[in-house]
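Student: Take this structure first; my questions come after.
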Amino acid sequence: MLKKIMAVILSLFITASLLASCAGNHADKASGSDNGATADLHGKIKVVTTVFPLYDWVREVARDDVDLSIDLLLDNGVDLHSYQPTAKDIMDISDCDLFVYVGGESDKWVEDVLKQANNEKMIVLDLMEILGDKAKVEELKEGMQGEEEHEDEPEYDEHVWLSLKNAVTFTGKIAEALGKVDTQHADSFSENAAAYTEKLSALDKAYQQAVDDAKVKTLLFGDRFPFRYLTDDYGLDYYAAFVGCSAETEASFETVTFLSGKVDELGLKSIMQIETSDGSIAQTIRDNTKTKDQQILTLNSLQSSTAEDIKSGTTYLGVMTENLEVLKKAL
């Protein structure tokens, strides 16, 4: 119900914002530039992305071959599930040449923004739409604490970027889209995407090798579980306190008891959490095991990367490589 109310408010806000600035924004756009279908008068391509992995893929595909500005909307540590666009965010999307977003339940606000966008030639990439029937419905596994409110329609797992195989697909689509925006550099985009794909595929093989070599094939999370795409890629099993898109923060006695029992039953040496966790649930699970000596390990779900992280050199490949080392310890 809250999401529906917010959608109505957002729609009214978007209409007012766009009407107030429509004339000025149209004056800044080229009717047809030699640099591509929608590039502005100065040849600069404007790209807007929602979460960090998408931003980094665009950066890798474009490299230094083109005058490009990329806006990352979720750049202050707020994750996808609680984000609401600002007036500036709305206007940035309205005038951009390429907009890349996840497309799940948390991105319902995008529909109203796109209906009233100024740039009619904008190219939009919806990652869930690209995945099609490969998109995964959130799974309520044994022992997992369900949401208090249930929707009639299935809710899809939005953490599509945590599959390196998906990343290869998305990178190719981004290269195609940029090539349509800037036809002069289409070959460069394609070449950059191919080079980046080789790195993604090499890391994908390293993940598979690590799982193949491991004696343990199960992960247990005292936390939300956004890694469904990753575990399915490599045939891993898992248990967790909550689904990946859950808003719950407190685990019930039954959930903690079940997960502690699973740690004992499977002889697990590690309990997992994600980077935004305060560690309390994982520690409580450990405190209720027989040995109470499991290590607590953190996998980075890339949901809360910030502008400061980017400045310090954080990349999608870098984080996923670090995650592989954590995974090896857990397995």
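Student: Ranked by accessible surface with a 1.4 Å probe, highest first, in what order do Asp67, Asp223 come?
Tutor: Numbers: Asp67 80, Asp223 15 Å².
If we order Asp67, Asp223 from most to least accessible, we get Asp67, Asp223.
Student: Hand me the trypsin sites (Lys or Arg not before Pro) from the stretch 160-210 located in a DSSP loop with no more than 11 other Cβ atoms within 10 Å, in residue order please.
Tutor: Passing both the DSSP loop test and the Cβ count: no residue.
Student: Please work out the C-alpha center-to-center distance from the stretch 153-195 to the stretch 109-132 and express it in whole Å.
Tutor: 15 Å
Student: Moving on. Using DSSP to define loop residues, name the trypsin sites (Lys or Arg not before Pro) in the stretch 110-149 whose beta-carbon has at most 13 other beta-carbon atoms within 10 Å. Working shown, then result.
Tutor: Details: sites: Lys115, Lys121, Lys134, Lys136, Lys141; in loops: Lys121, Lys136, Lys141.
Qualifying residues, ordered by number: Lys141.
Student: Output wanted: per-residue J couplings in Hz (rounded whole) for the stretch 57-63, from phi through Karplus 6.51 cos²θ - 1.76 cosθ + 1.60, θ = phi - 60°, x for Gly and Pro.
Tutor: My calculation for the stretch 57-63 gives 5, 4, 4, 5, 6, 6, 6 Hz in order.
Student: Cβ under 12 Å from Gln208's Cβ, Gln208 left aside: what net charge do those residues give with Lys, Arg +1 and Asp, Glu -1? Numbers along the way, then the final one.
Tutor: Values: positive: Lys165, Lys205; negative: Asp204, Asp212, Asp213, Asp233.
Within the 12 Å Cβ shell, the charges total -2.
Student: Give the ranking of Met128, Met272 by solvent-accessible surface, highest area first, calculated with a 1.4 Å probe.
Tutor: So the residues, ranked largest to smallest area, are Met128, Met272.
Student: Considering the Cα trace of the stretch 144-266, what is its radius of gyration and what is Dmax, both in angstroms?
Tutor: Just the Cα atoms of the stretch 144-266 yield Rg and Dmax of 19.1, 60 Å.
Student: Do any of Lys88/Lys165; Lys136/Lys290; Lys88/Lys108; Lys44/Lys180; Lys134/Lys173; Lys134/Lys329 go past 23 Å between their Cα atoms, and which?
Tutor: Flagged as over cut-off: Lys88/Lys165; Lys136/Lys290; Lys134/Lys329.
Student: Going out from 0 in 5 Å bins, what whole percent of all Cα-Cα distances in the stretch 266-315 drops into each bin?
Tutor: Distribution as computed: 5, 19, 23, 17, 12, 10, 8, 5, 1 percent.
The values are calculated or read from the model by the stated rules, or taken from the named source; none is laboratory data. Small disclaimer: the values here were computed from a predicted structure and weren't measured. A quick note on method: Cβ atoms are made from the backbone with ideal geometry, for glycine too, and the neighbour counts reach across all protein chains shown. Heavy atoms of the whole protein, side chains included, go into the accessibility calculation; ligands, DNA and RNA do not. Shrake-Rupley method; radii C 1.70, N 1.55, O 1.52, S 1.80 Å.
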